[in-house]
Amino acid sequence: MYKVELVENFFNILNKPLTDLPEFVTIEEYDKVIDFLLSRWQKLTFRPISIYQVGEIGSPGFSDLDFIVVFPTGSFVNIFRFDPKSFPEWVRKLFVHMPLFCSEISWDYLLGWFPVSNLRWLWGEKLDCPRIPSYVEKGNAFGMLVDYLIVKIPVDWLQFLFTEPIRLRLLVSLLYSVNHTFRLALKAGLNLSSRWGELLSGIELFRNRWWSRDLKDNLTDLMLLCINAYNLVSELILEIDKTISCFCDANIRVGKGIFEFSSLWDPVGVLEEVYRFLRLNGEIKWVSPISFREVLMFYAKVCHQFIDYFKRYSFYSSSNWDGGIWADGLSYHAKAMLIYSQEAYRIGAPPSKYISLGYLRDFCSIKLISLLSAHAKFLLSSDITLDEFGEVFKRVIRWS
């Protein structure tokens, strides 16, 4: 385990300005928000065919509401009717980000592109529960795990730790998301330290005790949990790296943006680089082990549509890695990501970088303009206003 003192400065939140502190909320208040949203969404002219809640309200006051909204294949989403900014503050407090949008086609591949748990049907047609072949489960989980280690955890922790004021409730939610990291690693068949159990139970205890302790004690515990989580995630990254690195070139560094890879990766050194880059450029840059590139190259061998995308980030190359014990599942996952991204584009929703490594996100500004012109019927409906139509063009630029 890496010494706490080497990384504690990166996770020290004791003297930083805070916002979005947890507020005690009852389950009834969550139900009220769900009922409000459903009443709005089921009245849309171009409405979804089904709405599901993802996950449970495990810790009222910390938990937010997550949804998957399924649209008919070939329809077009008016995303403004799902934007938290368009709802009252009492709704935004619990509904903090847009739902995931998918079509009937991508719904069938849901478990290949999103590590969903506890799906709860809320409204519309009860769709057949998505399934995944048992022989691909291990590799599918491994692919999702590597994706998230590149684009979400721990880079998002660092992003919110260095963005002041710190959104405290969001930071705790990101910390809690290591539960998903742990479950994916287990499914992938990786060796995990027993300290993972201690960390996850510690996070649960922290959330449950929040209301009975003072802020300073809570922040101290939160800082220590973040440090422990970073150490364990770093060990997991090194475990994966050790497994694949024999197929990689030595002493190289490639890529840019969210896809930068180095053969010289260590948990403390990468944090020092994050800090230096932040001071010079005012933003976070995360570097992953070069071995992670092999996983992405495997995706490109299975789905050639990824090749041009990866070339844009200057890390594409040929690879001799055959996917090992994860090959079947990685193939399934790559195809599911591609289906999700293409279907998201077809219904006019921004593909999530967390789900598909951002594939097609960079091309939305061009493709959505053509889609908008092809779906001008929205201007004749009560579902979209002229102002909203114009706002789309601002948003697609931000998506890329």
Could you check segment 89-119 and list, in sequence order, the residues that are open to solvent by 10 Å² or more (accessible area, probe 1.4 Å) and among the small types (Gly, Ala, Ser)?
Ser117
Tell me, which residue of segment 69-88 that is β-branched (Val, Ile, Thr) and open to solvent by less than 20 Å² (accessible area, probe 1.4 Å) is nearest to Trp107 (Cα to Cα)?
Val70
Output the residues belonging to segment 212-224 that are touching a residue at least 24 places away in the same chain (Cβ under 8 Å) and either acidic (Asp, Glu) or touching a Phe, Trp or Tyr at 6+ places or on another chain (Cβ under 6 Å) (or both).
Met223
Note: among Phe80, Phe24, Phe67, just one is part of a helix (DSSP H, G or I) and aromatic (Phe, Trp, Tyr), namely Phe80
Please verify whether segment 164-177 includes one or more residues that are part of a loop (DSSP other than H, G, I, E, B) and either within 15 Å of the chain's Cα centre (by Cα) or of a type in the set (A, V, I, L, M) (or both).
yes
Output yes when any residue across segment 54-61 is of a type in the set (A, V, I, L, M, F, W, C), under 22 Å from the mean Cα position of the chain (by Cα) and open to solvent by 50 Å² or more (accessible area, probe 1.4 Å), and no when none is.
no
Filtering helices (runs of 4 or more DSSP H) wholly in segment 262-362 for at least 2 residues that are surrounded by 18 or more Cβ atoms within 10 Å (Cβ to Cβ), of a type outside the set (S, T, N, Q) and on the phi > 0 side of the Ramachandran plot gives none
Does Lys138 count as at pLDDT 95 or above, open to solvent by 10 Å² or more (accessible area, probe 1.4 Å) and in a loop (DSSP other than H, G, I, E, B)?
no
When only residues in segment 208-259 that are open to solvent by 50 Å² or more (accessible area, probe 1.4 Å) and of a type in the set (Ser, Thr, Tyr) count, which is nearest to Leu145 (Cα to Cα)?
Thr243
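The values are calculated or read from the model by the stated rules, or taken from the named source; none is laboratory data. Worth saying up front: this structure is predicted, and the values here are computed from it rather than measured. Here the Cβ is made from the backbone with ideal geometry for all residues, glycine too, and neighbour counts use every protein chain on show. Note: accessible area is taken over every heavy atom of the protein model, side chains too, but ligands, DNA and RNA are not part of it. Shrake-Rupley method; radii C 1.70, N 1.55, O 1.52, S 1.80 Å.
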